[in-house]
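Shown next, in structure tokens, is the structure this report addresses.
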Amino acid sequence: MPASLRASAGGCAVALTNVRGPPVALTICGRPVKRVVPFLPPPPGVAVGAALSTVGGQATLCFNCADGTHDAYALVGAAVAHWERLRAAAGE
């Protein structure tokens, strides 16, 4: 692994990214794409990779946890609970 990558990830607990897609639904050969799932493997030394993709007005959040992550299920549960609070506040 390049030293620059190793140094840039030092001290981080979570790597985050947003994969913004088009505001319209996608198709492949005329068939609708049902979901776009983002993927961000955590860099070396980072416990969690979290990626958000938005396509056609739909958002998908994906977590990838390194081996030994303290409690990945608690992290995802807390994220889902927060997401639901945001949706409720937005009136959805």
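The values are calculated or read from the model by the stated rules, or taken from the named source; none is laboratory data. All of these numbers come straight from a predicted model, not from anything done at the bench. No Cβ is skipped: glycine too gets one built from the backbone with ideal geometry, and neighbour counts run over all protein chains shown.
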>> I need a count of the residues in segment 62-79 that are under 12 Å from the mean Cα position of the chain (by Cα) and not small (Gly, Ala, Ser).
In response: 5
>> For segment 47-76, give me the residue count where each residue is surrounded by 10 or more Cβ atoms within 10 Å (Cβ to Cβ) and either of a type in the set (D, E, K, R) or more than 21 Å from residue 12 (Cα to Cα) (or both).
In response: 8
> Which residues, taken from segment 57-92, are part of a loop (DSSP other than H, G, I, E, B) and at pLDDT 90 or above?
Replying inline: 90
> Here is a list of conditions, (1) closer than 24 Å to residue 77 by Cα; (2) at pLDDT 90 or above, and residue 36 meets all of them except one; can you say which number that is?
Replying inline: (2)
> Which one is surrounded by the fewest Cβ atoms within 10 Å (Cβ to Cβ) among residues in segment 32-46 that are more than 27 Å from residue 11 (Cβ to Cβ) and hydrophobic (A, V, I, L, M, F, W, C)?
Replying inline: 37
